Amino acid sequence: MNDTHTWLFTVWMITIGVVMLFTQVYVSRLLYRYEKSVLWGCIGFILLFGLNMYVYQIRKLEKRAGYAFERLDPQARKVWRRVYVLILIQYLLFFVFFGWLSSPG
Amino acid sequence: MDERAKARLCFFAYILMLIIFDTAYSFMILNMFLAFAALELAFLLPLFKAKSKREIPVSAAFYIVFILLSPNVLYVITDLIHLKIFEFNFKKGLIVEEWWNFFVLISGVVLAIYYYILMLKQIHSLILHIKWSKTILLAFIILCSIGVYIGRFLRFHSIHLFTEPFSLVSQVLSSINEDSLLFIGWMSMLQFIMWWLFSDSRRNSL
């Protein structure tokens, strides 16, 4: 592994770490605010890779907002869109990271 | 139990089965995960339907990611080719290992067909009121077939569109010939058949 590779690897790790930490804190705060429950706050922080939102979506959001999210008010719609985009960014970063790691160059 | 709950329950049960029990088809864990991810993204499509001009960039990005991932559902069906690793010579009697693996692979494929139908239903319910809905659905089906061709024969992954875009496009263009067009055509026909057989046009929204 040469210096450039090590440097890029470090940059990737830091970027992914920062995005993940930000997402966990954001989701955790959001779930705590919506549910007024410490348990949901903890679930929001502990479950990684979007599993926090996935559990919340199945248990609460789909029942409350409907399968087509038709019962969401514009503000809530904006918030949930932001959350899913953050999670998607996490996955895309991982995807590109592993693609980069496994590419022969 | 509704369709979404069934799809989710079956996914986790299937993955658990692949993890716990010994099978020749453990690669199905990744393939089914990618197919399931595409389905879950399809469930989120209504949330990302742009309602104002400001929302268009994020919505477009989300829809592009979904379109790039969606061929993974149909791709699982082509995993049926891996049945060939077993002989299935019934004259030798019943070999349990062969039929256990047959069960594992076919249940994954059946699940993928179910996911595919749910995904198409979701798209159909989104574009139902658009004038060009049938054309959009047709385009989606053909794109899925092209995606499967690229993944199966050129061994490219969705991510290569970002990491090696020029290599991907040039290899796709140079590989297009009568055989590849036939493959894409058959895959598209397969999708039409599945859609026609299994979707209920009166209850197309999930």
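Here, each number is a calculation from the coordinates, and none is a lab measurement. Predicted, not measured: the structure shown is a model, and the values here were computed from it. Note that each Cβ is placed from the backbone with ideal geometry, even for glycine, and that neighbours are counted across all protein chains shown.
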What are the semi-axes of the equivalent ellipsoid for segment A:19-102, taken as the square roots of 5 times the Cα gyration tensor eigenvalues, largest first, in whole Å?
-> 24, 15, 11
Each residue of segment B:94-103 in turn: what ³J(HN,Hα) in whole Hz from Karplus with 6.51, -1.76, 1.60 and θ = phi - 60°, glycine and Pro shown as x?
-> 7, 9, 4, 4, 4, 6, 5, 5, 4, 4
Ranked B:Cys144, A:Cys42, B:Cys10, criterion: other C-beta atoms within 10 Å, fewest first = A:Cys42, B:Cys10, B:Cys144
Using 0.36 nm per residue of separation minus the Cα-Cα distance, give me the extension gain between B:Met189 and B:Ala60 in nm, one decimal.
-> 43.7 nm
Report the normalised scattering of segment B:133-206 as log10 I(q)/I(0) at q = 0.16, 0.19, 0.22 Å⁻¹, calculated by the Debye formula with identical scatterers on the alpha carbons.
-> -0.67, -0.84, -1.00
With the convex hull built on the Cα atoms of the protein assembly as shown, state its orientation-averaged projected area in nm².
-> 20.3 nm²
For segment B:125-133, take each phi angle, set θ = phi - 60°, evaluate the Karplus expression 6.51 cos²θ - 1.76 cosθ + 1.60, and give the result in whole Hz per residue in order, putting x for glycine and proline.
-> 5, 6, 9, 3, 9, 8, 4, 9, 4
B:Ser107, B:Ser70, B:Ser170 arranged by Cβ crowding within 10 Å, fewest neighbours leading = B:Ser170, B:Ser107, B:Ser70
Would you kindly state how much longer the chain becomes between B:Ile81 and B:Ile142 on full extension, computed as 0.36 nm times their sequence separation minus their alpha carbon distance, in nm to one decimal?
-> 19.8 nm
Specify the residue with the greatest mean-square fluctuation among B:Ala38, B:Ala50, B:Ala112, computed from a Gaussian network of chain B linking alpha-carbon atoms under 10 Å apart.
-> B:Ala50
Exposure proxy check: B:Thr163, B:Thr135, A:Thr4 ranked by fewest other beta carbons within 10 Å?
-> A:Thr4, B:Thr135, B:Thr163
Cα centroid distance between segment A:22-95 and segment B:1-62, in Å?
-> 16 Å
Distance (nanometres) between label positions extended 7 Å along Cα→Cβ at B:Val96 and B:Ile20 | 1.7 nm
Which whole-number percent gives the relative contact order of chain B, counting Cα pairs below 8 Å spaced six or more residues apart?
-> 25 percent
At what distance in angstrom do the alpha carbon centres of segment B:148-195 and segment B:126-146 lie from each other?
-> 18 Å
How many partner chain Cβ atoms sit within 10 Å of a residue's Cβ in peptide A:81-90, on average, as a whole number?
-> 3
Average Cα contact separation per residue, chain A, under 8 Å, 6 or more apart, as relative contact order % = 26 percent
222 nm mean residue ellipticity, helices alone, for the protein assembly as shown (DSSP H n ≥ 4; -39,500 (n - 2.57); rounded to 500) = -24500 deg cm²/dmol
